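All remarks here apply to the structure that follows.
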Amino acid sequence: MKHFCVCIIVSVFLFIGGLFCANAQDMIILRDGNIIEAKVMEIHPSEIRYKRIDNLDGPMIIIPKDGVLSIRYKNGVVDIINASSVSTAGTAGNERNQTNVASSHNGQQSGAPTPLQIILNTLPAIPVAGNKLKFQFSGEKWTATVNGENFSAGTVEAEDTNTGSMLTLKQTHIWPGAVGKTAGRIAKIIPGGAAVGGALNAAGQVAGAAGAIEAAGPEIVLEYKAGPPAKLSLVKSASPAKSAPAAKSAPAAQATAATAAQSAAAANQTYKIGDRGPAGGIIFYDKGNNNGGWRYLEAAPEDLQSAWWGLYEKDVAGTGTAIGTGKKNTELIIAALNKKGEIGRAAQLCSAHTLNGYADWFLPSKDELNEMRKNLKKNNLGSFSNIIYWSSSQIGMRDAWIHHFGNDRKNNYNKLGYYETNAPSVRAIRAF
C-alpha cells in the first residue's frame, strides 16, 4: 500500500505538473477528479465561466461553482473553490464522522488521505438495491456508510490499471444495527418479503446501540476509472479465501440470501407497467416481444442531477426520436463529447450510472421520455418532479429535445443554456 500511495502521489503530480509546464493556461480541477484546460473568464457566486484553451474564439462555457475543487491559473496561483472537498479535518457532519471512524475503528491511526483518495472521497455514493453505499478512504483504512449511517470498515489495498485503479477492501468491523436495517429494506422489495423485512429492521433498531463490532466479512472489489467522467463502481463482493472467523450476523446472512433470491426471481420474470425492474428501476414500457434483444424499458428510481447536454454548435449525426433509439443516441453523444473533451454532460451521467450491479443505463430518446411521463409521472410513480428533463434526441447544432413533466410541453432547449437559466434534469433508463 505504501508503494502504491507513493506511485499515485508521484504520478498525479507529474501528470498535473506536466500539463502546467507544457501549456501556460488555467486548469479547472473538478470535485470528481477531472481537469479542464481552460481560460477562466468570470467567476460568479454560483458559477464559473470559461473558454476552452483550444477554442478561445468559441462560446463561453458555464459550469456550477459547487462542482469545482480548485483553479490553478497559468501564473501558478491556486484558488481553492471548495475547501471542504480536500480537508478531512474540516469536513462537516457525517463525512467527518466517516474519517474519524476510518482512523479509529481498530484503534490504529490510518494516516491522511492520498491525492487519489481525496478524489475517491468526493465521488457520488454507489446505488445498491435502492440504498446509497458511500466509501470514505484515509490511508490504509476505509469506512462504508449506507444511506448516511456507518455500516462497515476495514483495510484497503489498491493496484494501478490502464484506466485507473482496482481497490480490494477487507472488512474488519461492522455496525450490526445498520446491517440489520439495510437487510430489512432489501427484503421488503422482494415479493412476500414484507414480514421478514420488518423483523430484520426491528432487529437492527435493537442492535444499533451496540456500535461497531469486530467481524471479518466479504472481500469487496471496487474499480476506479479516471474518466472523464471519474467513476467508482462495485465490481464484486466475495468471501475471502482465508479470513478470521466471522461474527455471527443473521441480518447480514439474510440480506445476502435476499439479494440472491431477487436476482434469481428476475431471470425469467415477466413485468407490467409500474413493476420494479431487475435493476431496481420502474418498468414504464413493454414492447411485447424480444426483437432486438430487449422487451422492457425501466427508469432509474430517481433523478441523477441537473446537467447540460453539451456539444453546442456540434452536429451529432444519427440521433433518433423513436422508442428504441435512446441507447444508440447516447453512444453517439458520448463519442462526440469525448472527442471534444467535454465532461459531466447528461449522456455521460447516464452512461456512468450503476444500480444493483447494472451499468447499461442511457439517456432516453424523445419518445421514450414521453412514455415515462405518460406511464409513470401521470400515475404518481417514479418520484418525478414538475420540471424539464433532457432527451438524447438532437434537434440541431444548438438544441435538443426536452420534455416538461409538469405541463407536458415538448420543445427545443439550448444544449449549453445560452438562452436559459437552469439546466434540465437527467433521468437514466435501461432496456432488457
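Since every read-out is calculated from the coordinates, none of them should be taken as a lab result. Predicted, not measured: the structure shown is a model, and the values here were computed from it. Here the Cβ is made from the backbone with ideal geometry for all residues, glycine too, and neighbour counts use every protein chain on show.
Legend: ranking of residues Val235, Val146 from fewest to most surrounding C-beta atoms inside 10 Å; resulting order Val235, Val146. Relative protection proxy for 61-68, 50-57, 324-331, from highest mean packing down: 324-331, 61-68, 50-57 (other beta-carbon atoms within 10 angstrom). If you take every residue apart from Ala346 with its C-beta less than 12 Å away from the C-beta of Ala346, what net charge results, scoring Lys and Arg +1 and Asp and Glu -1? With Lys, Arg at +1 and Asp, Glu at -1, the neighbours total +1. Taking other Cβ atoms within 10 Å as a rough exposure proxy, Thr319, Thr168 sort from fewest to most as Thr168, Thr319. Of interest is the spacing of the C-alpha centroids, which for region 366-432 and region 304-346 amounts to 14 Å. Annotation: the residues Glu313, Glu342, sorted from fewest to most other C-beta atoms within 10 Å of their own C-beta, follow the order Glu313, Glu342. The alpha carbon gyration tensor of region 345-418 gives principal lengths a ≥ b ≥ c with a/c of 1.5 or higher and a/b no greater than b/c, which makes the shape oblate.
Cβ-Cβ distance of Ile213 and Ala112, R₀ of 30 Å, FRET efficiency by 1/(1 + (r/R0)^6): the value works out to about 0.65. Across region 291-303, coupling constants 3J(HN,Hα) worked out from phi with the 6.51/-1.76/1.60 Karplus curve, θ = phi - 60°, read 4, x, x, 8, 10, 10, 10, 10, 9, 4, x, 8, 5 Hz, and Gly and Pro carry x.
Computed extension gain for Thr161 through Met60, at 0.36 nm per residue and net of the alpha carbon distance, reaches 32.8 nm.
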